[in-house]
Each structure stands twice: as structure tokens, then as C-alpha cells.
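Next up is a structure, given as C-alpha cells.
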Amino acid sequence: MRLNNVLASILKTRKLTWDDDCRGPLHAPTWTSIAYLNNVEWGRGTGPNRGAAREEAAKTVLEALVADGLISNV
């Protein structure tokens, strides 16, 4: 949610898309989510469900945007 807010308010030209993949047994899956901004990978995360994987990927994107000086530390 925080990533969407940052992209909407500050980086209006950035298009966020996701690629999600689930592997492993049904009782213990591992999800991997990749976040793309304008079709370039900016973050990747894993977790026990899609939401957790996306949250981790979003955190990575925010950290990368701060490191690249595109946003201030939010």
C-alpha cells in the first residue's frame, strides 16, 4: 500500500506491475513476487503467501528508490 501511495503521489509516470509465482507443496507453499516499474525489475520478495511476498518486494523497491535518490526516505 505504501509503495502505491509513493508512486501515485511522487512518481506519477511509473507503472507498477507484478509477477507472482508459487512453488512447493500445497501445505507449505513459497511465493515469489517481482515488482516492475516501467517493465524494469526493482524488487523481489518471497513469503508463505502472495501478500507477504509482495510486501517484501515492495519494501525492496522503496529502499531502491531511496538509494537512487528518486524519493526521500519515506
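Look through segment 1-14, keep the residues that are surrounded by fewer than 11 Cβ atoms within 10 Å (Cβ to Cβ) and either among the charged types (D, E, K, R) or modelled with pLDDT under 75 (or both), and return whichever of them is nearest to the chain's Cα centre (by Cα).
Ranking the qualifying residues of segment 1-14, first place goes to M1.
So, in segment 37-47, how many residues would count as being touching a residue at least 12 places away in the same chain (Cβ under 8 Å), out of contact with any helix residue (DSSP H, G or I) (no Cβ under 9 Å at 6 or more places or on another chain) and surrounded by 11 or more Cβ atoms within 10 Å (Cβ to Cβ)?
Selection size over segment 37-47: 1.
Another one. Could you list, in sequence order, the residues of segment 19-40 that are farther than 11 Å from A53 by Cα and not small (G, A, S)?
Scanning segment 19-40 gives R23, P25, L26, H27, P29, Y36, L37, N38, N39, V40.
What is the residue count in segment 19-36 for residues that are under 14 Å from the mean Cα position of the chain (by Cα) and either on the phi > 0 side of the Ramachandran plot or surrounded by 14 or more Cβ atoms within 10 Å (Cβ to Cβ) (or both)?
Qualifying residue count for the region: 6.
If we scan segment 50-65, do we find a residue that is in a loop (DSSP other than H, G, I, E, B) and free of Cβ contacts under 8 Å to residues at least 60 places away in the same chain?
no
Here's a follow-up. Restricting attention to segment 62-74, does a residue exist that is at pLDDT 95 or above and either within 24 Å of A8 (Cβ to Cβ) or of a type outside the set (V, I, T) (or both)?
Checking segment 62-74: not a single residue is at pLDDT 95 or above and either within 24 Å of A8 (Cβ to Cβ) or of a type outside the set (V, I, T) (or both).
Please list, ordered by residue number, the strands (runs of 3 or more DSSP E) wholly in segment 1-49 having 2 or more residues that are in contact with a Ser or Thr (Cβ under 6 Å, 6 or more places away or on another chain) and within 13 Å of K59 (Cα to Cα).
Output list reads 40-47.
Moving on to the next point. Working only within segment 38-56, note down all residues that are closer than 15 Å to R14 by Cβ and at pLDDT 90 or above.
N39, V40, E41, W42, G43
The values are calculated or read from the model by the stated rules, or taken from the named source; none is laboratory data. Keep in mind that this is a model prediction, so the values were computed, not measured. Using ideal geometry, Cβ is built from the backbone for each residue, glycine included, and neighbour counts are taken over all protein chains shown.
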